[in-house]
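Here it is, the structure in full.
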Amino acid sequence: MLSREEYIEQAYMYRVLSERLPENVPLQDLFQQIRDEVLATTKLPMALDYLLSELKHSGMFAPAMVKLAHYFTPFQAYIIQEAESERGRFDMRVAVEVLRYEATYRAESPTPQGVFLYQFETLSRNRLRYDPGLKAISQDQIFSDDWRKWILEVRRQIGILDVADMIFVRSQYYVTRVKGGRKDDDKPLKPILFGEKEGRIALANRRKDPLYLFSALQRQLGYPIVPRPKPPDEVPQLIPQILRRLERIENRLKLLEEEQKGGIDLAKFYKPPAPPEVGEV
């Protein structure tokens, strides 16, 4: 885990990328600008130097993030890999926003529950591949060994079991509900990873869309919200279209006025023939 100031500077880096990417500024120039702006006492300037060198060499910076596993998490590298993939299904602007929200959450008071639910919802909402995505999530340093084992179980069972059921059976509410108030055995069969409130919410959202589960956890427990793709802004294109239509309407009105006055002079629509050149038969 990095220090709080590192995550603050990472969040600033992703915010600047999110704001300046729509301006079609080259990534090399953006990284150079951000390197001059971020706090020099952090390790981010050195990481940006390495990312910039990889970007100039190969045109991508995800491989550099993979090599800097002590600074960038495997999930961050995986998100950038999907954004740089040739399939083109995941927008880079959405990927940067996802990493920005995650870095902002890590700079506050992150919990393993909040980090896992945020990253898992990112995979679900953006239709990313679960197999490499969950493997990258399990390698995060915020998770203990019990968490890693459970995430790998989710990786094997996703699509077979409901995610709400998998959260419910690893919650304190499940243990209390199964025991029925008995105190004969205080040690659960499996490690408890979620609290009683998470278990209640998971039980209430069984056999439903997982996005409803994530939304309820965000409302009730304040877990971070995954950014959604923004619809394209059609206003810049709408004004020129309106101007062209107004010009057409104006031309039609002029033709109607000429027709009412005595007919349309078609001669102005034809050009006179060019005079013959000297020596031309």
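The values are calculated or read from the model by the stated rules, or taken from the named source; none is laboratory data. Predicted, not measured: the structure shown is a model, and the values here were computed from it. Because the Cβ atoms are built from the backbone with ideal geometry, glycine has one as well, and the counts that use them run over all protein chains shown. Heavy atoms of the whole protein, side chains included, go into the accessibility calculation; ligands, DNA and RNA do not. Shrake-Rupley method; radii C 1.70, N 1.55, O 1.52, S 1.80 Å.
It is to be established whether one or more residues within region 76-85 are part of a loop (DSSP other than H, G, I, E, B), under 17 Å from Ala136 (Cα atoms) and in contact with a helix residue (DSSP H, G or I) (Cβ under 8 Å, 6 or more places away or on another chain). It would help to see each step written out before you state the result.
Start the filter on region 76-85 by keeping residues that are part of a loop (DSSP other than H, G, I, E, B), which leaves 84-85.
Those still in the list that are under 17 Å from Ala136 (Cα atoms) too: 84-85.
Next, from what is left, pick out any that are in contact with a helix residue (DSSP H, G or I) (Cβ under 8 Å, 6 or more places away or on another chain): 84.
Yes, because at least one residue in region 76-85 is part of a loop (DSSP other than H, G, I, E, B), under 17 Å from Ala136 (Cα atoms) and in contact with a helix residue (DSSP H, G or I) (Cβ under 8 Å, 6 or more places away or on another chain).
Also, quick follow-up: With respect to Gln218, determine if the residue is under 35 Å from the mean Cα position of the chain (by Cα), part of a helix (DSSP H, G or I) and of a type in the set (S, T, N, Q).
Yes: the conditions hold for Gln218.
Okay, moving on. Against the definition (at negative phi and either at pLDDT 75 or above or in contact with a strand residue (DSSP E or B) (Cβ under 7 Å, 6 or more places away or on another chain) (or both)), how does Arg248 come out, yes or no? Quick ask: steps written out before the conclusion?
Working: at negative phi: yes; either at pLDDT 75 or above or in contact with a strand residue (DSSP E or B) (Cβ under 7 Å, 6 or more places away or on another chain) (or both): yes.
Against the criterion (at negative phi and either at pLDDT 75 or above or in contact with a strand residue (DSSP E or B) (Cβ under 7 Å, 6 or more places away or on another chain) (or both)), Arg248 qualifies.
Please count how many residues of region 15-47 are of a type in the set (A, V, I, L, M) and part of a loop (DSSP other than H, G, I, E, B).
Matching residues across region 15-47 total 4.
If you don't mind, there's one more thing I want to ask. Report the residue count in region 1-42 for those that are open to solvent by less than 30 Å² (accessible area, probe 1.4 Å) and β-branched (Val, Ile, Thr).
4
Also: For region 149-160, indicate whether the set of residues that are touching a strand residue (DSSP E or B) at 6+ places or on another chain (Cβ under 7 Å), farther than 19 Å from Pro227 by Cα and surrounded by 18 or more Cβ atoms within 10 Å (Cβ to Cβ) is non-empty. Before the answer, list the steps.
Our first condition is that a residue be touching a strand residue (DSSP E or B) at 6+ places or on another chain (Cβ under 7 Å); within region 149-160, this holds for none.
Within region 149-160 (the criterion being touching a strand residue (DSSP E or B) at 6+ places or on another chain (Cβ under 7 Å), farther than 19 Å from Pro227 by Cα and surrounded by 18 or more Cβ atoms within 10 Å (Cβ to Cβ)), the answer is no, since none of the residues qualifies.
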